[in-house]
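The values are calculated or read from the model by the stated rules, or taken from the named source; none is laboratory data. From a predicted model like this one, the values you see are computed outputs, not experimental measurements. Don't worry about glycine lacking a Cβ; one is built from the backbone with ideal geometry, like all the others, and counts go over all protein chains shown.
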Amino acid sequence: MEDESAKEDFEALEDIEDIDAGEDADDGLDEAGESAVPSGETKSLDLILDIPLTVSVELGRSKMLINDLLQLGQGSVIELTKLVGEPLEVLVNQKLVARGEVVVVNEKFGVRLTDIVSPMERVQSLA
């Protein structure tokens with residue numbers, strides 16, 4: 001049952017690709033003979049370039065009782081689960097996409113990316 005549904009979705013996707021290919025079938029050249037039509041990939045990406053995303057960097061985590069949380073004040077120290085030197089986690093919309101290290105740029109903190117999570121790892125993290 002699920003295989004049939006997936007097959008129908010795949011066939012519908014192929015139909016959409018055929019339609020897109022038909023739109024690009026004209027010569028797409030301007031007066032100078034240069035391509036005036038951007039590639040299919042660029043057209044597809046233009047649709048999503050203005051979508052806002054939440055990017056956060058996680059130094060570590062900690063679990064606390066509400067009582068302990070209420071007793072925190074200026075100068076309190078919270079112990080995190082990560083050790084010094086361990087890579088930070090860069091999250092986009094709460095999904096891990098990269099790991100990095102803290103750097104200082106013009107007296108501001110930044111993150112130097114040291115490892116980009118592969119698409120396969122991202123898919124596996126969803127399961």
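Restricting attention to segment 43-59, the residues that are more than 12 Å from the chain's Cα centre (by Cα), modelled with pLDDT of 85 or more and outside any loop (DSSP other than H, G, I, E, B) total 2. Kindly provide the set of residues from segment 70-84 that are surrounded by fewer than 10 Cβ atoms within 10 Å (Cβ to Cβ) and either among the hydrophobic types (A, V, I, L, M, F, W, C) or outside the structural domain of residue 113 (by TED's automatic domain parsing) (or both), ordered by number. Scanning segment 70-84 gives 70, 77, 83, 84. Here residue 38 clears all of (1) at pLDDT below 90; (2) closer than 21 Å to residue 122 by Cα; (3) surrounded by 10 or more Cβ atoms within 10 Å (Cβ to Cβ); (4) out of contact with any Leu (no Cβ under 7 Å at 6 or more places or on another chain) except the condition numbered (2).
Looking across segment 44-64, the residues that are under 27 Å from residue 85 (Cα atoms) and out of contact with any Gly (no Cβ under 9 Å at 6 or more places or on another chain) come down to 54, 55, 56, 58, 59, 60, 61, 62, 63, 64. Considered as a group, the residues in segment 85-114 that are loosely packed, with under 13 Cβ neighbours inside 10 Å and among the charged types (D, E, K, R) include one that is nearest to residue 62 (Cα to Cα), and that residue is 95.
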